[in-house]
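Q: Input: one structure, supplied below.
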Amino acid sequence: HLRTIKMKYKERRSEFSSYIPPKGKLMTQEKSNLMWGGRFAAAQDDLMEEINASIDFDKRLAEQDILASKVHAKMLSQQNIISKADYKSIVTGLEQIESQIKNNKFVFDRALEDIHMNVEARLNDIIGAPAGRLHTARSRNDQVATDFRLWVRDQIDLQQQLLKSLIEALLNQAELGIDWVMPGFTHLQIAQPVTWGHHMMAYVEMFGRDLSRFTDARDRMNECPLGSAALAGTSFPINRETTSSALNFKAPSANSLDAVSDRDFALEFLSVSSICAMHLSRLAEELVIWSSAQFKLISLSDRFSTGSSIMPQKKNPDAAELIRAKVGRIFGANVALMMVMKGLPLAYSKDMQEDKQQVFDAADNLVIATAAMTGMINDLRANRENMEAAAHFGFSTATDLADWLVQKLNLPFREAHHITGQIVLIAEDRKCDLSDLGLDAMKKVDDRINDDIFSVLSVQNSVSSRSSYGGTAPSQVRKQINRWREILKS
Ligand code: ARG
């Protein structure tokens, strides 16, 4: 038995041989690290590069990294920490690198670990000695904290633009069907009639709160870590106000240990994104249900549907289903980063390099989900007739009947509820709608009921009577549409 296990292990070992260092022999790189070669006698193991290098993903921070470096170098020269001449050549070099990256001419090197060292090494190739002065009064710790905040901040701006387009699409649907009656559900059982406009506006409120959550998160993260250096600040006479405002931050961060070691801004982005994805997912779920043959309340456009390879009749709401799934991934990123952070002592630890892939993946998926949802909402057609027909099912105006008994006959609500229940029972028995039950049948349950009852039993009357603030009556929905149109304008 033991022999089989050992043989199995040998097979596995050869499968992964490139990952297993041969005994006694060091696998070395050509060059030892440019940035800290002084202290190291031996070169790095290939495996070390494999686990350590982040350039494959943090190259997405290139734009922010170069911007922050330019701002840092300018401040260093204004403070007479580096010479004007060195500053000029640093900026010229950085600009060349910028355009190389934009034109896909830049070769990212894994041996240089991350975006910060790739840029600095290239700067050295281009301008030589002055490149070595850029890192004065700075560490990769405050550098990455700054770059990443800038990235997340930009991402919030993009996400907010996308959310505004989605809200716009929902407002247009709401306006179109402001008085179209549809069934409102609780427990996915027909509850009371509502309007299409009201239902669309419910999502406007949700995405509106997501917008404001992103604004709050952006405001809190908008402090500049640059100048915190490795963890304790710096002895150079830097000016943190200058760099902070040049990068459009509100203020420099007030504690250098905190600034380089927390990633709560990324976590806040991920949790706000998770909530937003959850809202997208709920709407997606409704689109899936509504577009099914059993409901037929809406039809989705061909542009956002797929067919089946075997069943010719099918039109599947794949985009909605994928949007529904994204929340798992985005919330997963939130949990993953939370776990990375929860046990870290101050200040920086390399664990924190694992923050970026989670945020990038979540951000990309939230963008595509929001954009696809906007496309679907723009295109979808609500089926007015089917919605209205469905609104009649399930005695949806029973509450209106009970309310009438309270308002017109002055009954306590509990008694009205009981009487209505008995009337529903009769309608169920006769397999007819409440509005089709004759007055006689209702009078049998309670003699005080009169003709006026029919004025509240239709679904149209039901929705227009619910004119309390925030209610489903078209007059109320109109107010909310107008309010949101104003908000979007400002
Ligand atoms: N690539 C690193 C990261 O993303 C940059 C910071 C490295 N700092 C350090 N002390 N090794 O976290």
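The values are calculated or read from the model by the stated rules, or taken from the named source; none is laboratory data. Model, not experiment: these values are computed from the prediction. Every residue, glycine as well, gets a Cβ built from its backbone with ideal geometry; the counts of neighbours run over all protein chains shown. Heads up: the accessible areas ignore ligands, DNA and RNA and are worked out on the full protein's heavy atoms, side chains in. Shrake-Rupley method; radii C 1.70, N 1.55, O 1.52, S 1.80 Å.
Q: Assuming Leu158 fulfils every condition listed in (1) away from the ligand (no atom under 16 Å from the Cβ); (2) on the phi > 0 side of the Ramachandran plot; (3) not β-branched (Val, Ile, Thr) apart from one, which condition is it?
A: Every condition holds for Leu158 apart from (2).
Q: Another question about this same structure. Just to verify a result, which residue in the range 288-313, among those that are within 11 Å of Asp379 (Cβ to Cβ), in a helix (DSSP H, G or I) and not basic (Lys, Arg), is least open to solvent (accessible area, probe 1.4 Å)?
A: Within the range 288-313, the match that is least open to solvent (accessible area, probe 1.4 Å) is Phe304.
Q: Report yes if some residue within the range 339-357 is free of Cβ contacts under 8 Å to residues at least 40 places away in the same chain, in a loop (DSSP other than H, G, I, E, B), within 16 Å of the ligand (Cβ to nearest atom) and surrounded by fewer than 13 Cβ atoms within 10 Å (Cβ to Cβ); otherwise report no.
A: yes
Q: A further question follows. How many residues, within the range 107-129, are assigned to a helix (DSSP H, G or I), of a type outside the set (Val, Ile, Thr) and either within 16 Å of the ligand (Cβ to nearest atom) or surrounded by 21 or more Cβ atoms within 10 Å (Cβ to Cβ) (or both)?
A: Here is the first cut: in the range 107-129, the ones assigned to a helix (DSSP H, G or I) are 110-112, 115-127, 129.
Narrowing the set further to residues that are of a type outside the set (Val, Ile, Thr) leaves 110-112, 116-118, 120-125, 129.
If we keep only those that are either within 16 Å of the ligand (Cβ to nearest atom) or surrounded by 21 or more Cβ atoms within 10 Å (Cβ to Cβ) (or both) too, we end up with 110-112, 116-118, 120-123.
Residues that pass the stated criteria total 10.
Q: Looking at Asp429, Asp400, Asp436, which one is over 30 Å from Lys164 (Cβ atoms), open to solvent by less than 50 Å² (accessible area, probe 1.4 Å) and charged (D, E, K, R)? Give the derivation first.
A: Numbers: Asp429 fails: open to solvent by less than 50 Å² (accessible area, probe 1.4 Å); Asp436 fails: open to solvent by less than 50 Å² (accessible area, probe 1.4 Å).
Result of the check over Asp429, Asp400, Asp436: Asp400.
Q: Also: For the range 330-352, does any single residue satisfy the condition of being β-branched (Val, Ile, Thr), at pLDDT 95 or above and out of contact with any Asp or Glu (no Cβ under 7 Å at 6 or more places or on another chain)?
A: Taking the range 330-352 and keeping what is β-branched (Val, Ile, Thr), we get 330, 335, 340.
Then drop every residue that is not at pLDDT 95 or above, which leaves 330, 335, 340.
Filter once more, keeping what is out of contact with any Asp or Glu (no Cβ under 7 Å at 6 or more places or on another chain): 330, 335.
Yes, the range 330-352 contains at least one residue that is β-branched (Val, Ile, Thr), at pLDDT 95 or above and out of contact with any Asp or Glu (no Cβ under 7 Å at 6 or more places or on another chain).
Q: Restrict the check to the range 375-387 and report whether at least one residue is in contact with an Asp or Glu (Cβ under 6 Å, 6 or more places away or on another chain), within 27 Å of Lys164 (Cβ to Cβ) and either in a loop (DSSP other than H, G, I, E, B) or open to solvent by less than 60 Å² (accessible area, probe 1.4 Å) (or both). Give the steps one after another, and end with the answer.
A: We begin by selecting, within the range 375-387, every residue in contact with an Asp or Glu (Cβ under 6 Å, 6 or more places away or on another chain); these are none.
Scanning the range 375-387 turns up no residue that is in contact with an Asp or Glu (Cβ under 6 Å, 6 or more places away or on another chain), within 27 Å of Lys164 (Cβ to Cβ) and either in a loop (DSSP other than H, G, I, E, B) or open to solvent by less than 60 Å² (accessible area, probe 1.4 Å) (or both).
Q: Kindly establish whether Ala266 is more than 27 Å from Ala391 (Cβ to Cβ) and assigned to a loop (DSSP other than H, G, I, E, B).
A: Judged against the criteria, Ala266 is not a match.
Q: For His135, all conditions in the list (1) in a helix (DSSP H, G or I); (2) out of contact with any strand residue (DSSP E or B) (no Cβ under 8 Å at 6 or more places or on another chain) hold save one; what is the number of the exception?
A: Exception for His135: condition (1).
Q: Name the residue, out of Asp157, Asp147, that is part of a helix (DSSP H, G or I) and surrounded by 22 or more Cβ atoms within 10 Å (Cβ to Cβ).
A: Numbers: Asp157 fails: surrounded by 22 or more Cβ atoms within 10 Å (Cβ to Cβ).
It is Asp147.
Q: Which ones in the range 228-256 are within 16 Å of the ligand (Cβ to nearest atom) and surrounded by 15 or more Cβ atoms within 10 Å (Cβ to Cβ)?
A: If the condition is that a residue be within 16 Å of the ligand (Cβ to nearest atom) and surrounded by 15 or more Cβ atoms within 10 Å (Cβ to Cβ), then Ser228, Ala229, Ala230, Leu231, Gly233, Thr234, Ser256 are the ones that fit.
Q: Would you kindly identify the helices (runs of 4 or more DSSP H) lying entirely within the range 432-479 that contain at least 2 residues that are among the basic types (Lys, Arg)?
A: On the way: elements: 439-445, 454-457, 459-465.
Counting at least 2 such residues, we get 439-445.
Q: Checking Asp364 against (1) without any contact (Cβ under 8 Å) to a residue 12 or more places away in the chain; (2) part of a helix (DSSP H, G or I); (3) within 16 Å of the ligand (Cβ to nearest atom), which test does it fail?
A: Just one mismatch for Asp364, condition (3).
Q: Kindly indicate which of Ser465, Ser475 is in contact (Cβ under 8 Å) with a residue 40 or more places away in the chain, open to solvent by 40 Å² or more (accessible area, probe 1.4 Å) and among the hydroxyl-bearing types (Ser, Thr, Tyr).
A: Numbers: Ser475 fails: in contact (Cβ under 8 Å) with a residue 40 or more places away in the chain.
The match here is Ser465.
Q: For the range 43-94, which positions are open to solvent by 40 Å² or more (accessible area, probe 1.4 Å), away from the ligand (no atom under 16 Å from the Cβ), assigned to a helix (DSSP H, G or I) and without any contact (Cβ under 8 Å) to a residue 12 or more places away in the chain?
A: Lys84, Lys88
Q: Hey, can you tell me all the residues within the range 314-328 that are in a loop (DSSP other than H, G, I, E, B) and either at positive phi or open to solvent by 30 Å² or more (accessible area, probe 1.4 Å) (or both)? Please lay out each step first, then the result.
A: Within the range 314-328, the first condition is being in a loop (DSSP other than H, G, I, E, B), and the residues that meet it are 314-315, 317.
Lys314, Lys315 - these are the residues of the range 314-328 that are in a loop (DSSP other than H, G, I, E, B) and either at positive phi or open to solvent by 30 Å² or more (accessible area, probe 1.4 Å) (or both).
Q: Looking at the structure I just gave you, is Asp400 away from the ligand (no atom under 16 Å from the Cβ), of a type in the set (D, E, K, R) and at negative phi? Working first, answer last.
A: On the way: away from the ligand (no atom under 16 Å from the Cβ): yes; of a type in the set (D, E, K, R): yes; at negative phi: yes.
Yes: the conditions hold for Asp400.
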